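For reference, the structure discussed in these notes is given below.
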Amino acid sequence: QVQLVESGGGLVQPGGSLRLSCAASGNIFSINTMGWYRPAPGKQRELVADITSDRRTNYADPAKGRFTISRDTAKNTVYLQMNSLKPEDTAVYYCKADRVEVLGAILYNRWGQGTQVTVSS
């Protein structure tokens, strides 16, 4: 009913940049918070950054000062601009949409399939 598709991952050298995109599709009326996550030791996935419907942003410490999250509400799309990438940023990055209002229902915690980011020389 709601599908999230990530794109923009790839191989980049340390210090380089990537821009991830995540587009949500379906009969969507609104999405509350959209965010980016990646696997972490001892956790299934950890927050990288998220952004609310009124564009309040929240960043995990590793992302602060290097990553910027933004969204296009009209396109139901969230972006993650990643600069000054480090080898430890290597991971599959997953997009999540929280509280998605669709025709006749409210859906929670919808995930995309992930996009691989590899930082290596």
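Here, each number is a calculation from the coordinates, and none is a lab measurement. Small disclaimer: the values here were computed from a predicted structure and weren't measured. Heads up, the Cβs are rebuilt from the backbone with ideal geometry, glycines too, and the neighbour counts pull from every protein chain shown.
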GLN116 and ASN58 label points (each 7 Å along its Cα→Cβ direction) are spaced in nm at 3.1
Within segment 2-68, DSSP-loop chymotrypsin sites (Phe, Trp or Tyr not before Pro) with at most 12 other C-beta atoms within 10 Å are none
log10 I(q)/I(0) for segment 16-90, Debye formula on C-alpha points only (no solvent), q = 0.11, 0.14, 0.22, 0.24 Å⁻¹, two decimals, reads -0.29, -0.46, -1.02, -1.15
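List the longest stretch of the chain that has no exposed loop site; here a site is one of the trypsin sites (Lys or Arg not before Pro) assigned by DSSP to anything other than H, G, I, E or B, with at most 15 other Cβ within 10 Å. Please report the intermediate quantities before stating the final value.
Working: sites that count: ARG55, ARG56, LYS64, ARG66.
The reported range is 67-121.
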Whole-number value, in Å³ per residue, for the convex hull of the alpha carbons of segment 1-52 is 114
Neighbours of ARG45 by Cβ distance under 9 Å: Lys/Arg at +1, Asp/Glu at -1, summed charge +2
ASN32 and GLN81 label points (each 7 Å along its Cα→Cβ direction) are spaced in nm at 2.8
Taking 0.36 nm per residue of separation between LEU11 and GLU46 and subtracting their Cα-Cα distance, the length gained on full extension comes to 10.5 nm
